[in-house]
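Encoded as structure tokens, the structure appears first; notes follow it.
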Amino acid sequence: MKIPQIIQLNEFLPYFFIGLISTSIDWTTFWVSSTKFGFHYEIALMMSYTLAGSFHYIANKIITFKCRSKQIGLQFSIYFMMAIISLLMSMGLIAFIKLFVMNALYARIITTAFMLIPNFLLHKHITFSKKIFNTGSVSSPS
């Protein structure tokens with residue numbers, strides 16, 4: 001009996017590296033905006049999160065999942081909802097990890113590692129689902 005693979009390396013590896021680049025964009029933009037340009041940390045966070053999230057969406061759409069859907073608005077809305085779900089899951093996980101690890105930065109790093117697989121699966125099976133976005137239009141039930 002063959003066990004189905006939930007993760008295919010030809011998708012997961014690009015997703016992982018795009019995630020590393022997105023994280024670099026996020027943290028670098030935040031640091032430059034807040035320290036070099038003096039933006040309030042909340043403004044810097046919104047800017048960095050938006051820039052990194054946009055890169056993450058576009059790169060994964062094109063490179064990782066090779067999604068050719070033209071329904072950008074719908075798909076980006078789904079991506080945004082998945083990001084909110086991921087954020088809520090991360091917040092809960094950080095709160096739990098902080099019970100054992102006092103440093104918030106370490107808790108954030110651990111949480112990021114733990115959330116890698118769930119985030120990949122959310123985007124693979126929902127945001128860039130070939131069942132939903134197979135030919136550029138949303139599949140209707142038969």
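Just so you know, all these numbers are worked out from the coordinates, no wet-lab data involved. Values in this document were obtained by computation on a predicted structure and should not be read as measured data. Here Cβ is always computed from backbone atoms with ideal geometry, including for glycine, and neighbour counts include all displayed protein chains.
Only one item in (1) 20, 18, 17; (2) 38, 21, 11; (3) 29, 20, 14 matches semi-axes √(5λ) of the Cα gyration tensor in Å derived from the coordinates shown, and that item is (3).
Within the chain, the longest run free of trypsin sites (Lys or Arg not before Pro) that sit in a DSSP loop with at most 13 other Cβ atoms within 10 Å is 3-65.
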